[in-house]
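Chemist: Please read through the structure below; I'll follow up with questions.
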Amino acid sequence: MKVLCKRSLFERNTNYYKINGKDYGEVFLKWAVDKFYEVRVPEDYEINLDIVYYIESEVDNHYFPIRSNDFNKHFYSPEELRNQRIDDLISSNRYCSD
């Protein structure tokens with residue numbers, strides 16, 4: 001399953017190793033706007049911690065956990081994206097006959 005990012009998320013590197021070429025204290029891009037990302041469903045005990053998904057990131061081969069409030073801020077759920085596309089089709093009137 002994939003989700004669409006609706007708002008970029010930047011994060012400060014708090015590690016002493018580089019992340020995407022950024023040293024300690026520098027800001028790196030975690031997720032980019034208008035880009036689709038693969039997601040993984042968390043385990044049961046992680047769901048209890050309010051983790052909604054593990055989302056693929058701009059950092060090579062890394063999936064980061066995201067909580068529900070951050071997910072709603074930065075991503076469209078598959079259902080939201082589907083409903084938005086249906087609304088676009090209906091409002092375009094291309095497929096409706098008079």
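The values are calculated or read from the model by the stated rules, or taken from the named source; none is laboratory data. Every value quoted in this text rests on a predicted model; they were computed, and no experiment measured them. Please note: Cβ atoms are built from the backbone with ideal geometry, for glycine as well, and neighbour counts cover all protein chains shown.
Chemist: Go through (1) of a type in the set (Asp, Glu); (2) surrounded by fewer than 13 Cβ atoms within 10 Å (Cβ to Cβ); (3) in contact with an Asp or Glu (Cβ under 9 Å, 6 or more places away or on another chain) one by one and return the number of the condition residue 43 breaks.
Modeler: Condition (3) is where residue 43 drops out.
Chemist: Please work out which one of (1) farther than 20 Å from residue 77 by Cβ; (2) in a loop (DSSP other than H, G, I, E, B) is the condition residue 45 fails and give its number.
Modeler: (2)
Chemist: Further question: How many residues does segment 40-72 hold that are among the charged types (D, E, K, R) and under 15 Å from residue 9 (Cβ atoms)?
Modeler: 4
Chemist: Next up: Does residue 37 fit the bill of being in contact with a Cys (Cβ under 8 Å, 6 or more places away or on another chain), surrounded by 14 or more Cβ atoms within 10 Å (Cβ to Cβ) and closer than 18 Å to residue 8 by Cβ?
Modeler: yes
Chemist: Right, next: So which pairs qualify, if the first residue must be in segment 38-54 and under 13 Å from residue 68 (Cβ atoms), the second must be loosely packed, with under 13 Cβ neighbours inside 10 Å and among the aliphatic types (A, V, I, L, M), the Cβ gap must be under 9 Å, and the two must be at least 6 apart or on different chains?
Modeler: 42/49; 47/41; 52/41; 53/1; 53/41
Chemist: Could you list all residues from segment 56-98 that are among the aromatic types (Phe, Trp, Tyr) and modelled with pLDDT under 90?
Modeler: Matches in segment 56-98: 95 only.
Chemist: Sticking with this one: Going residue by residue through segment 28-36, is there one that turns out to be within 21 Å of residue 6 (Cβ to Cβ), touching a Phe, Trp or Tyr at 6+ places or on another chain (Cβ under 6 Å), part of a loop (DSSP other than H, G, I, E, B) and at pLDDT 85 or above?
Modeler: no
Chemist: Within the bounds of segment 71-81, is there any residue that is in a strand (DSSP E or B), touching a residue at least 60 places away in the same chain (Cβ under 8 Å) and among the basic types (Lys, Arg)?
Modeler: no
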